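Report on one structure; see the data block that follows.
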Amino acid sequence: MNAYRKARVIGGLLLYAGLILSPAIAASTDYVENPGAPTIPDAATIATALSQYPKWTRISPTDIAQREQITKIYMDLAHYPTDAIRAGVALYLESYALQSPYVYLANQKVFACLRVVFAVPATIDITGLRSPTLYTVWGNPRSGNTLDLLWPFSTDGSGTLVLSGADAPFHSGPMPDEIADFHVMEMNLERRFPPTK
């Protein structure tokens with residue numbers, strides 16, 4: 001993480017501390033009674049992990065080992081409390097200037113990560129739906145009225161997540177709002193794994 005982005009993350013942490021966590025910090029017993037409550041270190045850990053691991057869109061579908069490593073990192077992050085993941089994702093995305101050419105790739109990381117954090121169904125039938133994009137669609141394969149919502153992940157015969165998708169060479173339309181997508185998934189889907197951290 002370069003100095004500029006590190007400064008943005010630190011600034012985001014301070015804002016997060018002042019605006020979000022100050023009531024919880026003041027009531028310090030809350031952390032004793034609720035050890036899973038989100039903390040500033042949790043958010044920083046998640047933001048740092050998102051920043052440091054490789055971009056899945058740059059990894060060949062034939063590089064099974066590296067794709068398995070990325071999946072394991074996502075699965076590790078998926079065991080944090082929801083509020084901590086949300087804060088960490090926000091910090092990570094805010095560490096990029098909006099005009100940065102890398103903000104697009106950062107959003108693609110979050111797009112894939114959310115499919116591990118939440119129990120996103122493998123496919124949805126979009127027949128008759130007024131808005132098939134209740135969840136962010138960003139190059140997801142479609143067959144007739146069936147949309148592959150879990151993409152870029154799939155599941156193997158044992159139900160294990162596999163990072164199998166390949167990114168399209170180009171995308172049209174506005175870049176999805178992954179924070180809004182997080183909110184929609186949180187409101188409509190269960191967590192894929194119970195928070196244990």
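Exposure proxy check: 155, 45 ranked by fewest other beta carbons within 10 Å?
155, 45
Counting Lys and Arg as +1 and Asp and Glu as -1, what is the net charge of the other residues whose Cβ lies under 14 Å from the Cβ of residue 122?
0
Sort 189, 114, 149 by Cβ crowding within 10 Å, fewest neighbours at the top.
With the fewest neighbours first, 189, 114, 149 line up as 189, 149, 114.
Could you give the nm distance between label points at residue 155 and residue 187, where each point is 7 Å from its Cα heading toward the beta carbon?
Inter-label distance under the simple model: 2.6 nm.
Between residue 196 and residue 127, what length comes free when the chain is fully extended (0.36 nm per residue of separation minus the Cα-Cα distance, one decimal in nm)?
So the chain would gain 21.1 nm between residue 196 and residue 127.
Please give the contour-minus-distance gain from residue 180 to residue 166: 0.36 nm per residue of separation, less the Cα-Cα distance, rounded to one decimal in nm.
2.7 nm
Every number here is computed from the coordinates shown, using simple stated rules; none is lab data. Treat the numbers as computed from the prediction; the structure is a model and nothing was measured. Don't worry about glycine lacking a Cβ; one is built from the backbone with ideal geometry, like all the others, and counts go over all protein chains shown.
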